[in-house]
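Let me begin by presenting the structure, written as structure tokens, before commenting on it.
The values are calculated or read from the model by the stated rules, or taken from the named source; none is laboratory data. Just so you know, these numbers come straight off a predicted model, no measurement behind them. In this analysis, Cβ positions are derived from the backbone assuming ideal geometry, glycine residues included, and neighbour counts consider all displayed protein chains.
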């Protein structure tokens, strides 16, 4: 039985006037191109094809809204960090991303990082954009099944040390189900806008 019974695609936002009413609670999902963001969304929502997965970097081109529970949403953001994503496309995103940042309903960021590559400067920049002093940030070290146990332990410890109080982190694998229940719990905590609880 799914933890989330009410999961629907709402809309793709391509211009400022298309944003939903600024009510309820929404958590953004973001990550470098091909970090495993779409697979993570599908695993957490327990839906096989909610978010489109692709081996082609930069496939997500808009802000895609999904309602997971009544008045509780996730926002799938375009991937970043890949040269094939044209500069004109990025210029279209920038004002939308800034509008999202100022919304009262925007209560958290779930950042997907490829466990084989670890945190990079662009990931840190995105966390700064989300403003961890105002909202929760949680890092999924995705594709952790590609690492052995010792590597996983070392990566998680190093990541938590680097993040400090700015964000929480966990190991995750959409392929094996590692960390899915933990990620679901963190998502619910972020919706509640309880920064202290989300980092506990």
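So, in the stretch 1-31, how many residues would count as being part of a helix (DSSP H, G or I) and either in contact (Cβ under 8 Å) with a residue 40 or more places away in the chain or surrounded by 13 or more Cβ atoms within 10 Å (Cβ to Cβ) (or both)? I'd like the intermediate steps shown before the answer.
Keep residues of the stretch 1-31 that are part of a helix (DSSP H, G or I), which gives 16-18.
Keeping just the survivors that are either in contact (Cβ under 8 Å) with a residue 40 or more places away in the chain or surrounded by 13 or more Cβ atoms within 10 Å (Cβ to Cβ) (or both) gives 16, 18.
Residues meeting the conditions: 2.
For the stretch 133-150, enumerate the residues that are modelled with pLDDT of 95 or more and out of contact with any strand residue (DSSP E or B) (no Cβ under 7 Å at 6 or more places or on another chain).
145, 146, 147, 148, 149, 150
Examine the stretch 32-45 for a residue that is crowded, with 22+ Cβ neighbours inside 10 Å, within 22 Å of residue 96 (Cα to Cα), in contact with a helix residue (DSSP H, G or I) (Cβ under 8 Å, 6 or more places away or on another chain) and at pLDDT 90 or above, and state whether such a residue exists.
Within the stretch 32-45, not a single residue is crowded, with 22+ Cβ neighbours inside 10 Å, within 22 Å of residue 96 (Cα to Cα), in contact with a helix residue (DSSP H, G or I) (Cβ under 8 Å, 6 or more places away or on another chain) and at pLDDT 90 or above.
Scan 124, 112 and give me the residue that is free of Cβ contacts under 8 Å to residues at least 24 places away in the same chain and closer than 21 Å to residue 78 by Cβ.
Values: 112 fails: free of Cβ contacts under 8 Å to residues at least 24 places away in the same chain.
The match here is 124.
Condition first: modelled with pLDDT under 90 and crowded, with 16+ Cβ neighbours inside 10 Å. Can you find one or more residues in the stretch 67-75 that meet it? Before the answer, list the steps.
Initial filter on the stretch 67-75 (modelled with pLDDT under 90): none.
Within the stretch 67-75, none of the residues are modelled with pLDDT under 90 and crowded, with 16+ Cβ neighbours inside 10 Å.
Can you pull out every residue in the stretch 78-93 that is within 17 Å of the chain's Cα centre (by Cα) and either modelled with pLDDT of 95 or more or in a helix (DSSP H, G or I) (or both)?
93
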